[in-house]
Amino acid sequence: MSTEKQRRQAAQRHLQKQLERRAEQAARRRKTLGILATVVSVLVVVGAVLLLTGAFSGDEPDGTSAAAGSSAPEGSAPADRTNADGTANCAYTPDESGNPNLTDVGTPPTPEATPTTGTTTLLMSTGQGDITLTLDRAKAPCAAASFAYLAAEKFFDGSPCHRMVNGESFGVLQCGDPSGTGQGGPTYKYAEEVTADTTYPRGTIAMAKSGAPNTTGSQFFLVFADAQLPPDYTVVGTVDEAGLAVLDQIAAAGNDGSLEPSPGGGKPNVPVVINTMTVL
């Protein structure tokens, strides 16, 4: 028969084994939670990248998407195209995709000597209110020149803002497609003007694109909630405070979710049509 001391020692050994098993289980749980947290973080980044993919899906017959987490922007920074006199040499290349949703209004004049200083102000009049846009020619000379040219040609007049995304870390209203399909634009495209430091805070105006490089056209998005995106989309300007108040009202009504899960969001529940886009 076992003595009382032996029983106590056996009980202590049993307790020690239980404690060791619990420690091992806790370590495994911590490791699993760490892996899950990493996966969730990656999915959040990938989701943000994909939210704007498909803006020009008609240009990509194979459905090519933007690469997640790309660190080397494919577009050219303004300094890479600066002429001796300080102007920019912009290349607006024909879109030969055969996309039936494109609208031909020619191309911006004298692209080889595009201004790189100052700003251009546009008044975007919608049925929900006026939104003033300020384009920055120093930050994105080619995009600013194209945007102003299309506005002067009345390219945007009568076009719907076809998509809205409402999220805590991603809130945008996307416009600029006269066809309203999300695949339209002009009959030309051009390179992105981005750097590794490009970000998309509230009030940003940025140009949409397909997953391929050098596919910026006419579609743009207005950021009403800081957008966590890779630096792949040209920031062309800013929205004024009064315009942001209009965007907040539109955003408050939400979207119909018709574009979920990809590219995300849907049509605004409150229809937004650009009645006129005027260069001031």
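A compact table of results
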item: Angstrom value of the Kirkwood radius, inverse mean 1/r, which spans all Cα pairs in the range 110-257; result: 15.4
item: Student exercise, the range 96-166 dipole from Lys, Arg, Asp, Glu Cβ charges, in Debye to nearest 20; result: 220
item: Solvent exposure ordering (accessible area, 1.4 Å, most first) of T134, T120; result: T134, T120
item: Per-residue SASA entry for L280, accessible area with 1.4 Å probe, Å² rounded to 10; result: 130
item: Cβ-based net charge around K139, under 13 Å, with every Lys or Arg adding one and every Asp or Glu removing one; result: -3
item: Volume of the Cα convex hull of the range 123-176, divided per residue and given in Å³; result: 103
item: Length released on extending from S125 to V270, taking residue separation times 0.36 nm less the Cα-Cα span; result: 50.7 nm
item: Length added when fully stretched, A138-A253, from 0.36 nm per residue minus Cα-Cα; result: 37.9 nm
item: The range 96-185, Rg to Rh (Cα coordinates; Rh as Kirkwood inverse mean 1/r); result: 0.98
item: Calculated P(r) of the range 217-280 - Cα pairs past 17 Å, %; result: 54
item: For q = 0.14 Å⁻¹, Debye-computed log10 I/I(0) when each Cα of the range 170-274 counts as one equal scatterer; result: -0.55
item: Cα→Cβ-extended label distance, 7 Å offset, between A245 and T181, nm; result: 3.9
item: Dipole magnitude of the range 121-280, debye to nearest 20 (Cβ charges: Lys/Arg +1, Asp/Glu -1, about Cα centre); result: 320
item: Protein accessible area in the range 110-265, 1.4 Å probe - carbon and sulfur %; result: 50
item: Gain in span if fully extended, N83 to D157, counting 0.36 nm per residue against the direct Cα distance; result: 23.3 nm
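The values are calculated or read from the model by the stated rules, or taken from the named source; none is laboratory data. Here the structure is a predicted model, which means the values were calculated and not measured. Methodologically, a virtual Cβ is constructed for each residue, glycine included, from the backbone with ideal geometry; neighbour enumeration extends over all protein chains shown. We work out accessible area using only protein heavy atoms, side chains counted, and drop any ligands, DNA or RNA first. Shrake-Rupley method; radii C 1.70, N 1.55, O 1.52, S 1.80 Å.
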